[in-house]
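**Q** Encoded as structure tokens, here's the structure I'll be asking about.
The values are calculated or read from the model by the stated rules, or taken from the named source; none is laboratory data. The shown structure was predicted, so the numbers you read here are calculated from the model rather than taken from an experiment. A quick note on method: Cβ atoms are made from the backbone with ideal geometry, for glycine too, and the neighbour counts reach across all protein chains shown. SASA here: full protein model, heavy atoms, side chains in, ligands and nucleic acids out. Shrake-Rupley method; radii C 1.70, N 1.55, O 1.52, S 1.80 Å.
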Amino acid sequence: MYEAKNAQFPATSTDEADYMDLRSQPRIHESIIKGFLIFSGVISILTTVGIVVFLGQEALRFFTDPQVSLVEFFTGTVWQPQIYKFGILPLLSATVMSSLIAMGLAIPIGLSVAIYLSEYASQRIRSIIKPSLEILAGIPTVVLGFFALTFMTPLLRSILGNDVVQIYNVFSAGVVMGILILPLISSMTEDALHAVPNTLREGAYGLGATKLEVSTQVVLPAAISGIAAAIILGISRAIGEAMIVAIAAGAGPNFTINPFEAAETMTGHIVRISGGDISYDSLDYNSLFAIALMLFLFTLTLNILSQRIIRRFREVYE
Amino acid sequence: MNLGIHLDTTVNQTIIEEIKEPDIIHAIEAKDLNVFYGDFLAVREVDLVIQAQKITALIGPSGCGKSTVLRSFNRMNDLIPTARTTGEVLFHGKNIYKEGVDPVEVRKRIGMVFQKPNPFPKSIYENIAWGVHINGFKGSKSDMDNLIEQTLRSAALWDEVKDKLHDSGLSLSGGQQQRLCIARTIAIRPDIILMDEPCSALDPISTLKIEELMRDLSEEYTIIIVTHNMQQAARVSEFTAFFSLTENRAGVLMEYGLTIQLFTNPKNKITEDYITGRFG
Ligand SMILES: Nc1ncnc2c1ncn2[C@@H]1O[C@H](COP(=O)(O)OP(=O)(O)OP(=O)(O)O)[C@@H](O)[C@H]1O
Ligand SMILES: [Mg+2]
């Protein structure tokens, strides 16, 4: 049918009925491509769903174990699987602390770098700084972990004293994690600043604003949704980062708010336990999935939050 | 900028106007002005004296350098890295391109309204208050409230926005946004307002509103407007400067004079062709 029609293109058929055949035609290659695209989409959804179901299932096995109490899991300050103590707070506190330290460093420096690059730097300086940041972003986290352990910690100890700073400590790990996240925040923020239309800057300059006033009071607020997204993504990354904390923060849960003490984060704990000899299907093993599920819920909440923030600012600003 | 001083000069100028011919007061003056973009000479040897408290229109074919000349009046071209200016622009007798002159200080006195309305992504109130604050406003909250009401009234926008001052400036219509941009400019009480095709993105009714507003404002401010719209130039301006292109695509000032003369009795053949629509 298709070929027959094609052969007499342009439609010169004198047969009126044939010429006026307007029924839909099969278009094979379009269907194939469409099918492939749908398939790819479905795969990504299935993968996500698969991971969540698997995570949930294994975590459920942990939570339904008679030796585990949900209340203790969320409020207990001791995590010692050997004696069936599963209180997540020591792991959580270390995660929160290291992330706070990382963000405390990465947000102000990242924003400053982004403002400098987007509003102040000449083309030449930009062409030096941007690749350096990209190199920083490409350093393997294992290397950063050892950098924390063998450079940052000795530095801290020489400044604050060996009795204050332990060999393994959350602070060094947090600082180096901040260095890891810095390029992410600065480059996403720079993109957001860059997207602010020039007409807005000109409007501000036209009122006699200085460069600093334009950058910080007009351009920065106008890019706030992109910046909020960058920050939240940075927090997600900090919470999920495992290698640096596994190497430099400490190997053992410790419920403390002193960042100079050794403590183990949720990710660090998973790395250490799953790397050791652990019998599968033990309560120990299942507990890792409970922690992983918590991590997942954390980052999920943050992502939803960032979407919300972006939408709210859109409503206000666009 | 200092409110008191500004009012004084206005009073002085009014007195002088009464005594002498009004066209003696020069608001701003370009002398042998050349503007380059890189190696490209965009505007060549422009000599132009703008009269105070009048509306002057800059017209001419696309690319002849109207925007470039306008932007050189408040050093806006400084923001374009490749742009370079030679010659002088005299403002109150002072060359604003002289070494040591701060472009920020120039722009506080010579404001600008752009082709596309560009309110800040802030509330209507903040859109005006921001410029006032960065220009050193020291009054109380109620002083600011008064100033904003007064400004919005002058910009013929008060009645339309008085109930939603804290809504985003971007929630307004295009014409209202442009009047907001005019409002935020007059709030800092500049001497001169530069307008680069302020109505080209607007519908006819909004355009007429802005033209009416310009006529009101010209009692107090010197206004220079770039427009592609001959009728608009004829309707609002008292003086018109016609720019044209030379062979090597540099913009030059062809003819300058009273709008009524330039439109009814142009001295130059090219001007005549342009305003009668045979060119450009
Ligand atoms: N930022 C820039 N960089 C390089 N060249 C520019 C720049 N801005 C303008 N030009 C050039 O300078 C010349 C004059 O431009 P200008 O924008 O002043 O013209 P115009 O008369 O305002 O035109 P239009 O009526 O289209 O707005 C043009 O040839 C233009 O291409
Ligand atoms: Mg122009």
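**Q** Could you tell me which residue of region B:7-46 is farthest from ligand 1 (Cβ to nearest atom), considering only residues that are outside any strand (DSSP E or B) and at pLDDT 50 or above? Let's see the steps before the verdict.
**A** Initial filter on region B:7-46 (outside any strand (DSSP E or B)): B:7-25, B:38-39.
This time we only want the ones that are at pLDDT 50 or above, so: B:24-25, B:38-39.
Values: B:Ile24: 29, B:Ile25: 27, B:Gly38: 7, B:Asp39: 10 Å.
If we take residues in region B:7-46 being outside any strand (DSSP E or B) and at pLDDT 50 or above, then B:Ile24 is farthest from ligand 1 (Cβ to nearest atom).
**Q** Scan B:Gly277, B:Gly251, B:Gly257 and give me the residue that is surrounded by 20 or more Cβ atoms within 10 Å (Cβ to Cβ) and among the small types (Gly, Ala, Ser).
**A** Working: B:Gly277 fails: surrounded by 20 or more Cβ atoms within 10 Å (Cβ to Cβ); B:Gly257 fails: surrounded by 20 or more Cβ atoms within 10 Å (Cβ to Cβ).
Exactly one of B:Gly277, B:Gly251, B:Gly257 is surrounded by 20 or more Cβ atoms within 10 Å (Cβ to Cβ) and among the small types (Gly, Ala, Ser), namely B:Gly251.
**Q** Can you tell which of B:Ala233, B:Ala241, B:Ala201 is in contact with a helix residue (DSSP H, G or I) (Cβ under 9 Å, 6 or more places away or on another chain) and open to solvent by 10 Å² or more (accessible area, probe 1.4 Å)?
**A** B:Ala201
**Q** Take the residues in region A:179-210 that are touching a residue at least 24 places away in the same chain (Cβ under 8 Å) and not in a helix (DSSP H, G or I); name whichever of them is nearest to B:Arg179 (Cα to Cα).
**A** Our first condition is that a residue be touching a residue at least 24 places away in the same chain (Cβ under 8 Å); within region A:179-210, this holds for A:179-196.
Adding the requirement that they be not in a helix (DSSP H, G or I) leaves A:195-196.
Values: A:Ala195: 25, A:Val196: 22 Å.
Taking the candidates together, the pick is A:Val196.
**Q** Right, another one. Does region B:76-116 hold any residues that are under 18 Å from B:Cys181 (Cα atoms) and within 14 Å of ligand 2 (Cβ to nearest atom), and which are they? Break it down into steps so the answer makes sense when it comes.
**A** Pass one, region B:76-116, residues under 18 Å from B:Cys181 (Cα atoms): B:76, B:107-116.
Result: B:Met76, B:Met112, B:Val113, B:Phe114, B:Gln115, B:Lys116.
**Q** Ok, one more. Which residue is surrounded by the most Cβ atoms within 10 Å (Cβ to Cβ), if the candidates are limited to region B:166-176 and must be within 11 Å of chain A (Cβ to nearest Cβ) and touching a residue at least 12 places away in the same chain (Cβ under 8 Å)? Show your work before the answer.
**A** Our first condition is that a residue be within 11 Å of chain A (Cβ to nearest Cβ); within region B:166-176, this holds for B:166-171.
Filter once more, keeping what is touching a residue at least 12 places away in the same chain (Cβ under 8 Å): B:166-170.
Values: B:His166: 10, B:Asp167: 14, B:Ser168: 19, B:Gly169: 25, B:Leu170: 19.
Only one residue fits best here, namely B:Gly169.
**Q** May I ask you to list the residues in region B:44-75 that are in contact with a Gly (Cβ under 8 Å, 6 or more places away or on another chain) and within 12 Å of ligand 2 (Cβ to nearest atom)?
**A** As a first pass, look at region B:44-75 and keep what is in contact with a Gly (Cβ under 8 Å, 6 or more places away or on another chain): B:44-46, B:60-66, B:68-69, B:74.
Passing the criteria: B:Gly60, B:Pro61, B:Ser62, B:Gly63, B:Cys64, B:Gly65, B:Lys66, B:Thr68, B:Val69.
**Q** Right, something else. Being modelled with pLDDT of 90 or more and in contact with a Pro (Cβ under 8 Å, 6 or more places away or on another chain) narrows it down to one of A:Ile101, A:Ile109, so name that one.
**A** Values: A:Ile109 fails: in contact with a Pro (Cβ under 8 Å, 6 or more places away or on another chain).
It is A:Ile101.
**Q** For region B:145-157, what are the residues that are open to solvent by 60 Å² or more (accessible area, probe 1.4 Å) and more than 14 Å from B:Glu126 (Cα to Cα)?
**A** Of everything in region B:145-157, those that are open to solvent by 60 Å² or more (accessible area, probe 1.4 Å) and more than 14 Å from B:Glu126 (Cα to Cα) turn out to be B:Gln150, B:Arg153.
**Q** Filter region A:35-62 down to the residues that are open to solvent by 50 Å² or more (accessible area, probe 1.4 Å) and within 18 Å of A:Met294 (Cα to Cα) and list them by number.
**A** Of everything in region A:35-62, those that are open to solvent by 50 Å² or more (accessible area, probe 1.4 Å) and within 18 Å of A:Met294 (Cα to Cα) turn out to be A:Thr48, A:Val49, A:Ile51, A:Val52, A:Val53, A:Phe54, A:Gln57, A:Leu60, A:Arg61.
**Q** I'm trying to understand the selection: among the residues of region A:239-270, which are open to solvent by less than 30 Å² (accessible area, probe 1.4 Å), of a type outside the set (Asp, Glu) and closer than 22 Å to A:Phe289 by Cβ?
**A** Within region A:239-270, A:Ile239, A:Ala242, A:Val245, A:Ala249, A:Gly252, A:Ala263, A:Thr265, A:Met266, A:Thr267, A:Gly268, A:His269 meet the criteria.
**Q** Could you tell me whether region A:73-86 includes any residue that is over 21 Å from A:Arg272 (Cβ atoms) and at pLDDT 95 or above? Spell out how you get there, then give the answer.
**A** Of all residues in region A:73-86, those over 21 Å from A:Arg272 (Cβ atoms) come to A:74-75.
Still in the running and at pLDDT 95 or above: none.
No, because not a single residue in region A:73-86 is over 21 Å from A:Arg272 (Cβ atoms) and at pLDDT 95 or above.
**Q** Which helices (runs of 4 or more DSSP H) sit wholly inside region A:8-115 and have at least 1 residues that are in contact (Cβ under 8 Å) with a residue 60 or more places away in the chain?
**A** Working: elements: A:16-19, A:28-63, A:70-75, A:89-115.
Output list reads A:28-63, A:70-75, A:89-115.
**Q** Moving on. Return a yes/no flag: does region B:187-201 have any residue that is under 14 Å from the mean Cα position of the chain (by Cα), part of a helix (DSSP H, G or I), of a type in the set (A, V, I, L, M) and under 17 Å from B:Gln115 (Cβ atoms).
**A** no
**Q** Then there's this: List the strands (runs of 3 or more DSSP E) that sit entirely inside region B:54-144 and contain at least 2 residues that are open to solvent by less than 50 Å² (accessible area, probe 1.4 Å), more than 14 Å from every other protein chain (Cβ to nearest Cβ) and touching a helix residue (DSSP H, G or I) at 6+ places or on another chain (Cβ under 9 Å). If you could, list the steps in order and put the result at the bottom.
**A** Numbers: elements: B:55-59, B:83-91, B:110-113.
Passing ranges, in order: B:55-59, B:83-91.
**Q** Follow-up. Sort out which residues of region A:271-283 are touching a residue at least 60 places away in the same chain (Cβ under 8 Å) and open to solvent by 40 Å² or more (accessible area, probe 1.4 Å), and write them in order of number.
**A** none
To keep it simple, each residue is scored yes or no on (1) among the hydroxyl-bearing types (Ser, Thr, Tyr); (2) touching a Cys at 6+ places or on another chain (Cβ under 7 Å); (3) within 29 Å of A:Phe289 (Cβ to Cβ).
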| residue | (1), (2), (3) |
| --- | --- |
| A:Val71 | no, no, yes |
| A:Ile109 | no, no, no |
| A:Ala114 | no, no, no |
| A:Ser122 | yes, no, no |
| A:Lys130 | no, no, no |
| A:Thr141 | yes, no, yes |
| A:Ala148 | no, no, yes |
| A:Thr153 | yes, no, no |
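**Q** Can you tell me which residue among A:Leu100, A:Leu91, A:Leu155 is in contact with a helix residue (DSSP H, G or I) (Cβ under 6 Å, 6 or more places away or on another chain) and in the same structural domain as A:Thr216 (by TED's automatic domain parsing)? I'd like the intermediate steps shown before the answer.
**A** On the way: A:Leu100 fails: in contact with a helix residue (DSSP H, G or I) (Cβ under 6 Å, 6 or more places away or on another chain); A:Leu155 fails: in contact with a helix residue (DSSP H, G or I) (Cβ under 6 Å, 6 or more places away or on another chain).
Result: A:Leu91 is the single residue among A:Leu100, A:Leu91, A:Leu155 that is in contact with a helix residue (DSSP H, G or I) (Cβ under 6 Å, 6 or more places away or on another chain) and in the same structural domain as A:Thr216 (by TED's automatic domain parsing).
**Q** Then there is this: If a residue has to be within 14 Å of chain B (Cβ to nearest Cβ) and over 23 Å from the mean Cα position of the chain (by Cα) to count, how many in region A:159-203 make the cut? Even if it seems obvious, please write down each step before you answer.
**A** Initially, region A:159-203 is screened for residues within 14 Å of chain B (Cβ to nearest Cβ), giving A:192-193, A:195-203.
Filter once more, so that each one left must be over 23 Å from the mean Cα position of the chain (by Cα): A:196-203.
Number of matching residues: 8.
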